[in-house]
Every structure is written in C-alpha cells, then in structure tokens.
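Heads up: the structure comes next, in structure tokens.
The values are calculated or read from the model by the stated rules, or taken from the named source; none is laboratory data. This structure is a prediction, so every number in the text was calculated from the model and none was measured. Methodologically, a virtual Cβ is constructed for each residue, glycine included, from the backbone with ideal geometry; neighbour enumeration extends over all protein chains shown. Only protein heavy atoms, including side chains, enter the accessible area calculation; ligands, DNA and RNA are left aside. Shrake-Rupley method; radii C 1.70, N 1.55, O 1.52, S 1.80 Å.
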There are 2 protein chains.
Amino acid sequence: GGIGSKLCGMLGKERGRGWRRRGNLLPATDGDTKTMTFLQEVVDILLAYIVESFDRETKVIDFHYPNELLQMNNWELQDEPATLDDILISCRATLKYAIKTAHPRYFNQLSTGLDMVGLAADWLTSTANTNMFTYEVAPVFVLLEYVTLKKMREIIGWTDGRGDGIFSPGGAISNMYAMLLARFKMFPEVKEKGMSSVPRLVAFTLFSLCSGKLIPADLERRILEAKQKGFVPFFVSATAGTTVYGAFDPLIAISDICKKYNIWMHVDGAWGGSLLMSRRHRWKLDGVERANSVTWNPHKMMSVPLQCSALLVREEGLMQNCNQMHACYLFQQDKHYDLSYDTGDKALQCGRHVDIFKLWLMWRAKGTIGFEAQIDKCLELSEYLYNKIKDREGYEMVFDGKPQHTNVCFWYLPPGIRYMEDKEERKKHLHKVAPVIKARMMEYGTTMVSYQPQGDKVNFFRMVISNPAATFEDIDFLIEEIERLGQDL
Amino acid sequence: GGIGSKLCGMLGKERGRGWRRRGNLLPATDGDTKTMTFLQEVVDILLAYIVESFDRETKVIDFHYPNELLQMNNWELQDEPATLDDILISCRATLKYAIKTAHPRYFNQLSTGLDMVGLAADWLTSTANTNMFTYEVAPVFVLLEYVTLKKMREIIGWTDGRGDGIFSPGGAISNMYAMLLARFKMFPEVKEKGMSSVPRLVAFTLFSLCSGKLIPADLERRILEAKQKGFVPFFVSATAGTTVYGAFDPLIAISDICKKYNIWMHVDGAWGGSLLMSRRHRWKLDGVERANSVTWNPHKMMSVPLQCSALLVREEGLMQNCNQMHACYLFQQDKHYDLSYDTGDKALQCGRHVDIFKLWLMWRAKGTIGFEAQIDKCLELSEYLYNKIKDREGYEMVFDGKPQHTNVCFWYLPPGIRYMEDKEERKKHLHKVAPVIKARMMEYGTTMVSYQPQGDKVNFFRMVISNPAATFEDIDFLIEEIERLGQDL
C-alpha cells in the first residue's frame with residue numbers, strides 16, 4: 001500500500017544513519033521513523049531465525065544447562081533503561097538459545113512446526129492487541145470466531161453447524177469448560193448454591209488408565225458401581241487421540257452408554273480432533289457427532305501457532321447460562337448493536353486472548369483440502385516409521401498393531417543388551433537407554449523426540465509427527481541418529 | 001546481522017518481480033525468498049497500521065454493525081486455498097475494521113495502548129512458538145519467568161523475592177489458581193478425595209458489593225456468621241484497584257482478620273498491582289506483603305500486550321504440590337538437567353503460552369523507573385480529569401473524593417435535563433445519555449470510553465487511563481467530545 005511504500009522509503013534512507021541516537025519510539029512525537037527502523041531490525045532478526053529454523057544444517061537446539069544459560073547473557077532486570085541496541089542483543093540471545101520448533105527434525109511435542117501464514121496472522125494479532133470479550137473491542141475477530149466455530153461444528157457433523165463454542169487458552173481449560181457445562185446442565189442450581197447443593201458427582205475418563213483406551217464394558221461397570229454408592233455419574237470424557245499412544249476411544253459404544261445413563265458425553269480431541277479434517281482418517285472419530293461437547297486443538301495437529309484450542313458444544317445457549325456473570329462494565333444491555341455478538345460472557349475468563357485469527361487465516365490460505373493434505377502426510381510419515389522399525393533388529397514396539405494417530409511408541413535396544421537372557425536385568429538396562437540417547441540428541445542438537453515410562457513399561461520413545469516440514473528422509477535420519485547415539489549403551 | 005542483510009538484499013531484488021506466482025512458502029524447498037517477501041509484505045501492512053494508530057487524525061474505529069461487517073469482506077472458509085494476494089487483502093480488511101487500541105484517545109478498557117518493545121517481543125514470541133511446560137522446550141523463557149517473578153515478589157515485599165508464581169492466561173485464571181491453593185493448603189486431601197471430603201467452604205470478596213470496598217468490620221461479621229453455620233471460611237480476596245471505581249481495599253486491616261481466623265489472604269491486584277512500581281502510589285497497597293497470594297496483570301496498567309497475568313505466591317512448593325499430575329510424557333524424572341526448572345507442573349493447564357518475554361523485554365527497555373514514570377503519568381492525567389470536571393457545570397461525580405486509581409466515574413448531564421426538578425424523571429433521562437453518546441463516539445470513531453450502570457446508579461461514564469500515548473490534550477478532547485455529542489440529548 002501507499003503508506004507501506006512510503007515507510008520503506010523512509011527505512012531505506014534511515015537504515016545506515018545511526019538512528020539509535022535520536023528520539024524515542026512511538027508514541028513519542030516524531031517517533032515514527034525510529035519505530036519503523038527498530039521494528040524492521042527486529043523483523044530482520046526474526047526472518048533470519050525463520051530461514052535458519054527450516055535448514056537441516058542448523059541445530060534444533062544449542063543446549064545449555066540452566067546454570068550455564070543464566071551466565072550466558074545478562075538476564076537480570078534493572079532499575080535503569082537499556083538501550084535499543086541492548087534490546088536487539090537480547091532478542092538475538094533469546095533466539096540463539098531457543099528451541100527451533102519449526103525445525104524439520106523437531107518431534108518432541110504434539111505441537112511442532114511453524115506455519116508462515118499462521119505466523120503472519122499472529123504478528124497481526126499482536127499488533128491489533130485487543131480482547132475477545134465484546135464485539136465492541138474486537139468486531140472482526142468476534143465474527144471470525146463465529147464463522148470458524150460454525151465450520152468446525154459442521155465438520156463434527158452437527159446439523160447446519162448449529163451449537164455453540166469458544167476458543168480457550170488450551171485443552172485443559174477447554175475440558176474444564178466442558179465439565180462445568182455438564183454439571184450445570186444436570187444441576188443448574190450449582191451456579192448459585194455451590195457444590196454443597198448437589199450430590200456427589202463422578203466423572204469418568206481413561207486418562208490415568210494404562211490400557212490407553214476406555215473399554216465400554218468397564219465404563220458401564222464403573223458407572224453402575226458409582227450409582228450403587230449413591231454417587232451421580234455426570235460426565236464421561238472419551239479421548240480421541242491419547243497423548244502417549246494416540247489411541248481413539250470407541251465413541252459410538254461410549255455414546256450408547258452415556259445415553260442409557262443420561263450422562264454428558266465429552267470428546268477430548270485436543271490431539272485427535274484434527275483427523276476430522278481428513279476423509280481418509282475421520283472414521284476413527286465415528287460417533288463424535290453424538291457428543292455433547294468436543295475439545296479440538298488446532299495448535300496441535302494442524303500446526304496453528306500456540307495457543308489455539310476450541311471447545312465445541314452441541315446445545316445452544318448453555319455456555320452463556322452456565323458462565324455468565326453479567327459484568328455491567330462489559331455487557332451493557334443498552335448498546336447500539338446486536339448483543340449476541342458479545343460472546344465474552346460465555347467464558348469464565350474475563351479477558352480472552354485473540355486466538356482465532358491465525359487459524360482463520362491459515363484455513364483461508366490452505367483451504368480445508370490443504371489441512372487435509374497436511375494431516376494425511378503426517379500420518380503417512382508415521383506409518384512409514386512404523387513399517388520401517390516394526391521388524392527391524394533392535395526395535396520393539398510398545399503396543400501391538402498399526403498406530404491410529406501419528407504416535408509411534410518403541411524401544412530401541414542397543415546391541416549390548418539385545419540378547420540379555422535375564423529379563424529383569426535387560427529391563428533395568430533398557431530403562432536407561434532412552435534418557436541417555438535423548439540427552440545426547442540435545443547436546444548434539446540434531447533432533448528431539450520424547451521418551452517416557454508408562455505403568456510397568458520402562459522408558460520408551462514416543463515419536464509424534466505434527467510437523468509439516470518433516471519428510472521421509474527426516475524419519476530415516478531419526479532412526480539413524482538413535483542408532484548412532486545409542487549403539488554403545 | 002549477516003543473514004538479515006542478505007535477506008534484505010534478496011527482498012529488494014524480489015519485490016517488483018511478481019513473486020506470488022512462483023513456488024510455495026517455507027517449509028517448501030527453496031521457499032525462503034517467497035516467505036521473506038510475503039512476511040515483509042505483512043510487516044509493511046502492520047507498520048502502516050501502527051503509524052496510523054498513533055495518529056490523532058485517524059479514527060479509533062471504523063464502526064459497522066455486525067450484519068454490515070459480515071458483508072464487507074468474504075469471511076467464509078472454503079475448501080480450496082486462497083492466493084497469497086487474497087491473504088494480504090484479508091489482513092488489510094481485518095485491520096481496517098479493527099479497533100485501534102493504541103490510539104491516544106482509546107480509553108475503553110483497562111488494557112489500552114501498544115508498546116513498541118512489547119510488540120517486538122510478542123512477534124519474537126510467536127516466531128519462537130513454544131510452550132512453557134518444560135525447560136527442555138523453552139529454556140530461555142523459563143529462566144526469564146523465574147527472573148521476572150522473583151523481581152515482582154521483591155517489589156511486593158517478600159524477603160529476598162522468595163516464594164513462587166506463574167503466568168496464567170488472565171486475572172480470572174490467576175484468581176482461580178489462588179483459590180485452589182488456599183483450599184489445598186487447608187485441606188490437602190481435596191486433591192485426591194474431592195470436594196465431598198471437605199466441609200462446606202466459603203470465600204469472601206467484594207466483587208458483587210456496591211460499596212466498592214471491602215469493609216473490615218463487615219468482613220469479620222460475615223466470617224463469624226459463616227462459622228456459626230458450620231461453614232469453613234478459607235479464602236478472602238481483597239481487591240487492589242476495583243474494575244469500576246478503582247478502589248483499594250484496606251489490606252492491613254484485612255490481613256489482621258485473615259490472620260485471626262487463619263484464612264488465606266489473596267490480593268486481586270489485576271488492575272491495581274502495577275501501582276507497586278510507583279514510589280508515589282504504592283502506599284495504596286500497604287499490607288500486600290502480608291498476603292498469601294497476589295494477582296498482578298502487567299497487561300493492564302503496564303501496557304504489556306495481551307495476555308500477561310501473574311499469580312505470585314508467598315509459600316514455596318505449594319503450587320507444585322497442589323497442581324502437579326506427574327504427566328510422565330512431560331516431567332520425566334531422569335532428565336539430564338535440573339528438574340526444578342520444569343515449572344509446568346505448577347499449573348492445572350498442560351500447555352501454557354509464553355507470556356513472559358514481552359514483559360521481560362519491556363522491563364529491560366524501560367527499567368523499573370520507566371514503568372514507574374509511565375504509571376505516574378497515567379495517574380496524573382486522571383487527577384487532571386478529576387479536577388477538570390468535579391466542579392464543572394453539567395458534571396456529577398459518581399463517588400466522593402479523589403480517585404485512587406485512574407478510574408474517574410462521572411455523569412454528564414446535557415443542558416436539557418440539568419435543571420429537571422423531578423428527580424425520578426431526571427434519572428430516567430440521564431440513564432439514556434451515556435449509551436447514546438457512546439454510540440455516537442463509535443459512529444464518528446473519534447474516541448471510546450466505557451459506561452455502565454451500577455446498583456441503583458444509572459448509566460455513568462467510567463473513564464480509565466492506562467494508555468501511555470494519552471496526553472492532557474486528549475483528556476480535554478474527551479470532555480469536549482462528550483459535550484459536543486451529548487448537548488442535544
């Protein structure tokens with residue numbers, strides 16, 4: 001645009017001329033030029049970091065122990081201001097020791113990768129710096145949240161995308177909102193009279209079970225047990241894509257039980273919900289349309305920058321009734337526009353960060369088919385990994401069968417322990433293998449993957465793939481690297 | 001830096017050459033140049049928006065009703081991808097209809113203004129795109145959170161800055177964390193056995209009271225009443241800076257009562273906590289050092305970009321014990337570094353957005369004295385407004401005495417109702433004045449200020465000043481504008 005070009009002209013002229021010595025940043029009078037130059041310098045640092053992050057020759061991490069890192073820069077806060085030069089140095093230092101989460105070989109968490117359109121959208125969001133509570137202060141973002149939640153509900157399979165929803169700071173908070181709704185739906189008096197006005201409530205979820213899946217028969221048995229004790233089962237949280245194994249609960253069977261006992265059915269699809277975008281994989285969530293609420297985190301499998309978590313709710317109006325506090329300094333009833341767009345009173349939170357724009361803009365840029373292709377590709381990579389190691393010497397799979405999500409859980413057995421006859425001794429050794437390989441990965445900075453124990457299973461690697469930058473070669477690299485770093489153990 | 005300059009060279013060459021037609025953005029092979037050009041185009045749009053935002057000749061808002069705004073652009077999500085040109089158009093449209101929250105005449109919320117260093121830091125945070133749960137994935141940010149929370153605790157007055165804390169998504173969530181801590185401290189069994197294992201708990205806060213202040217004698221009476229009924233008072237939330245009146249509760253008197261009855265004392269300083277940075281105003285929070293926990297939102301009075309809310313806790317270790325779930329896929333106990341830096345298990349949330357860097361970088365850039373000057377200036381402006389209107393014809397103050405924070409609550413009485421004898425009739429008319437003036441402000445787009453009713457008080461203006469861009473002239477403008485837009489009512 002016109003102003004954009006004018007600024008670029010200003011920048012070009014200013015760049016070489018010792019801008020740092022003159023005046024202050026905006027809002028200071030005549031702070032424009034200095035501000036533009038400063039922000040452009042920061043952007044140059046960020047652009048260089050982005051290019052580096054995607055470069056396989058670059059380390060994923062330049063690792064230092066906490067006490068070392070504390071010494072590597074002056075991180076202390078002072079009474080006196082620093083110069084803008086110092087600020088730029090701080091930015092560079094911060095990025096130097098950061099994890100390159102966009103790196104094609106970063107596999108450490110469920111959220112990996114960096115989408116360029118998502119990033120641009122997040123920069124815009126920061127610049128707009130507003131709050132989701134009312135249409136008054138976030139007109140466009142409120143509309144985009146409306147449009148996007150409706151689309152997500154259509155994809156879930158609710159008629160005409162009807163229902164309700166909200167973006168919250170993360171999966172745990174979204175799940176908490178679902179629980180509050182379930183409780184309020186059954187006992188609306190809880191809002192005014194508190195927990196002492198309701199019987200003892202019981203919620204069911206698999207999260208702490210080792211099986212990795214909620215077994216319908218087991219669920220029904222436990223519901224009956226709870227009822228026999230006089231408790232009230234009010235909430236079942238089925239999981240679509242468990243964190244460790246990537247398992248999907250059988251939603252249809254669970255929904256039958258929930259219907260039978262009149263229990264709110266929630267689907268925690270924080271990790272697996274995105275598979276709804278894939279025509280090839282969405283059958284894993286068959287029955288999701290029977291749920292009362294669904295958590296779905298686009299910041300995980302869809303690679304939307306953090307944070308972006310949606311709670312979708314089938315019943316309209318319930319969120320408002322459950323959470324509204326009528327704060328009269330926000331939700332004046334005599335405003336001049338349609339108040340149904342003041343969505344803030346659906347949330348327990350007062351202020352709410354704008355998390356919608358990055359998802360919306362990415363969706364525009366990719367289209368639904370672009371997200372589908374991205375998700376399908378990650379699942380292909382995961383199948384490739386599974387096929388590569390399932391019969392490979394030195395590997396054992398943690399669970400049987402092909403992974404349902406991109407989670408591939410496996411042990412790597414270095415040659416030295418591969419043929420140990422004493423099973424207990426072997427297990428004891430094996431437990432130490434993954435942590436050492438992981439520590440070495442971080443010290444070399446070549447790749448990062450998670451490991452953990454689970455129940456009676458000793459430390460194993462949990463590979464997950466959500467990074468759109470990863471390729472078959474990166475999977476090959478991971479396996480080579482595990483073997484290179486672990487063969488002497 | 002070197003790479004930065006190289007990129008700028010590339011950009012210069014590429015700009016005019018129809019970049020949009022060739023190849024894909026990163027992580028596509030050879031996507032560097034296209035990515036740089038695209039992001040730079042977005043940055044140019046943002047820089048232009050920033051310059052405009054601080055320009056008093058620009059509208060604060062180009063207001064449209066929701067149904068109009070829905071027609072003004074194609075906001076729908078499609079199956080097919082859009083072009084990058086369309087993405088840039090969407091960015092421009094989104095900003096065109098956004099509220100300019102940085103505008104010197106935007107006074108609508110407790111969070112206003114846009115700090116250039118804070119913005120740069122938020123752009124960096126988006127680019128680093130990581131999660132606060134472990135040192136492993138956010139080494140620098142975890143250290144900066146540690147350094148900053150310690151500094152904030154020193155400012156509160158806790159010996160050597162000892163204690164604990166966390167940044168959460170907002171004041172409501174921070175206050176919820178405080179409540180969970182209080183409950184756990186008194187009844188640790190609640191974590192495993194649930195609410196049915198504890199007696200009926202009672203929390204006290206002023207929030208719904210009209211007086212605007214928690215009266216110690218009243219508090220004590222209510223505590224005794226609750227105890228007589230067999231309930232257990234476990235939590236008092238005193239407010240340092242109420243949302244509407246900006247009132248500060250008498251913390252010393254409240255702390256005496258909390259001590260006497262062994263109740264957790266929380267200070268909700270979401271709005272007023274920042275006055276601790278001011279030597280001139282911090283007496284308003286005298287006694288805060290006696291609190292067990294303090295909420296303090298730098299995204300309000302310190303103008304840190306949204307979201308940035310801290311919960312500070314006096315007792316060390318309690319947060320971890322209260323909230324930890326030992327998720328073994330994050331908090332492996334055999335990692336190779338000091339595990340006390342894996343702070344994620346202090347929070348109920350699993351993922352946690354990086355909210356620290358913008359505060360830390362702004363603190364570096366301003367120094368403590370810079371924040372102090374900024375806060376003192378806003379309070380001066382507020383005093384100026386109070387002095388200007390308290391005896392001015394056509395104005396009535398909503399509460400007596402000088403405001404303690406920057407909240408100035410007042411009625412504007414247009415000439416037509418100024419001398420009405422029928423008090424009820426006058427009240428009825430007055431109730432309609434502020435909403436109309438506000439609607440006109442938004443339609444003209446010249447300024448924005450909040451209004452509301454409160455208890456038996458009809459709609460009044462609640463002016464708050466947290467915007468570092470505001471000047472005495474902007475305060476004058478606000479008053480002139482209210483009179484211009486309201487004189488015919």
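Might you check whether a residue that is within 18 Å of A:Trp363 (Cα to Cα), polar (S, T, N, Q), within 12 Å of chain B (Cβ to nearest Cβ) and in contact with a Leu (Cβ under 8 Å, 6 or more places away or on another chain) occurs anywhere in region A:303-325? For region A:303-325, residues within 18 Å of A:Trp363 (Cα to Cα), polar (S, T, N, Q), within 12 Å of chain B (Cβ to nearest Cβ) and in contact with a Leu (Cβ under 8 Å, 6 or more places away or on another chain): present. Residues in region A:136-174 that are buried (at least 24 other Cβ atoms within 10 Å of the Cβ) and among the polar types (S, T, N, Q): A:Ser168, A:Ser174. All of (1) in contact with a helix residue (DSSP H, G or I) (Cβ under 6 Å, 6 or more places away or on another chain); (2) under 27 Å from A:Lys358 (Cα atoms); (3) surrounded by 24 or more Cβ atoms within 10 Å (Cβ to Cβ) hold for A:Ala238 with one exception: (2).
Taking into account only those residues within region A:45-62 that are without any contact (Cβ under 8 Å) to a residue 60 or more places away in the chain and within 21 Å of A:Ile87 (Cβ to Cβ), which is surrounded by the fewest Cβ atoms within 10 Å (Cβ to Cβ)? Going through the qualifying residues, I end up with A:Glu52. The helices (runs of 4 or more DSSP H) located wholly in region A:399-489 that include 2 or more residues which are closer than 26 Å to B:Phe133 by Cβ and open to solvent by less than 10 Å² (accessible area, probe 1.4 Å) occupy A:423-444, A:472-486. Would you mention how many residues in region A:206-235 are open to solvent by 30 Å² or more (accessible area, probe 1.4 Å), of a type in the set (Gly, Ala, Ser) and at pLDDT 95 or above? Result for region A:206-235: 1. Does region B:331-347 include one or more residues that are touching an Asp or Glu at 6+ places or on another chain (Cβ under 6 Å) and polar (S, T, N, Q)? No, the conditions are met nowhere in region B:331-347. Report yes if some residue within region B:137-158 is at the interface with another protein chain (Cβ under 7 Å from one of its Cβ atoms), closer than 30 Å to B:Val244 by Cα and not charged (D, E, K, R); otherwise report no. Scanning region B:137-158 turns up at least one residue that is at the interface with another protein chain (Cβ under 7 Å from one of its Cβ atoms), closer than 30 Å to B:Val244 by Cα and not charged (D, E, K, R). Evaluated against (1) within 22 Å of B:Cys350 (Cβ to Cβ); (2) open to solvent by 10 Å² or more (accessible area, probe 1.4 Å); (3) aliphatic (A, V, I, L, M); (4) facing another protein chain (nearest Cβ under 8 Å), A:Ala203 falls short on exactly one condition, (4).
Considering only region A:326-353, state which residues are of a type in the set (S, T, N, Q) and facing another protein chain (nearest Cβ under 10 Å). Within region A:326-353, A:Gln332, A:Gln333, A:Ser340, A:Gln349 qualify.
Looking at region A:64-85, can you tell me whether even one residue there is in contact with a strand residue (DSSP E or B) (Cβ under 8 Å, 6 or more places away or on another chain) and within 8 Å of chain B (Cβ to nearest Cβ)? No, because not a single residue in region A:64-85 is in contact with a strand residue (DSSP E or B) (Cβ under 8 Å, 6 or more places away or on another chain) and within 8 Å of chain B (Cβ to nearest Cβ). Of the helices (runs of 4 or more DSSP H) lying entirely inside region A:24-96, those containing at least 1 residues that are more than 21 Å from B:Leu39 (Cα to Cα) span A:66-71, A:84-96. Would you mind stating whether B:Phe410 is within 22 Å of B:Ala470 (Cα to Cα) and out of contact with any His (no Cβ under 8 Å at 6 or more places or on another chain)? Criteria met by B:Phe410. Evaluated against (1) assigned by TED's automatic domain parsing to the domain that holds B:Leu306; (2) more than 29 Å from B:Asp164 (Cβ to Cβ); (3) aromatic (Phe, Trp, Tyr), B:Tyr412 falls short on exactly one condition, (1). Do the conditions hold for A:Lys366, that is, is it under 30 Å from A:Asn129 (Cβ atoms), open to solvent by 30 Å² or more (accessible area, probe 1.4 Å) and either facing another protein chain (nearest Cβ under 8 Å) or part of a helix (DSSP H, G or I) (or both)? When the stated conditions are applied, A:Lys366 passes them.
Confirm whether A:Ala178 is of a type outside the set (Asp, Glu) and open to solvent by less than 10 Å² (accessible area, probe 1.4 Å). Spelling it out, A:Ala178 is indeed of a type outside the set (Asp, Glu) and open to solvent by less than 10 Å² (accessible area, probe 1.4 Å). Apart from one condition, A:Gly118 fits all of (1) out of contact with any Asp or Glu (no Cβ under 7 Å at 6 or more places or on another chain); (2) open to solvent by 10 Å² or more (accessible area, probe 1.4 Å); (3) more than 8 Å from chain B (Cβ to nearest Cβ); the exception is (2).
Restricted to region A:121-136, and to residues there that are closer than 27 Å to A:Ile369 by Cβ and either in a loop (DSSP other than H, G, I, E, B) or not hydroxyl-bearing (Ser, Thr, Tyr) (or both), the residue that is farthest from the other protein chains (Cβ to nearest Cβ) is A:Ala121.
Put simply, of B:Asp79, B:Asp115, B:Asp85 the only residue that is over 28 Å from the mean Cα position of the chain (by Cα) and within 16 Å of B:Leu46 (Cα to Cα) is B:Asp85. Taking region B:22-44 as the range and being open to solvent by 10 Å² or more (accessible area, probe 1.4 Å) and under 31 Å from the mean Cα position of the chain (by Cα) as the test, the residues that pass are B:Glu41, B:Asp44. Taking (1) open to solvent by less than 10 Å² (accessible area, probe 1.4 Å); (2) within 7 Å of another protein chain (Cβ to nearest Cβ); (3) over 22 Å from the mean Cα position of the chain (by Cα) in turn, B:Pro104 satisfies each apart from (3).
For B:Val354, the criteria (1) in a helix (DSSP H, G or I); (2) within 30 Å of A:Cys409 (Cβ to Cβ) hold in every case but one, which is (1).
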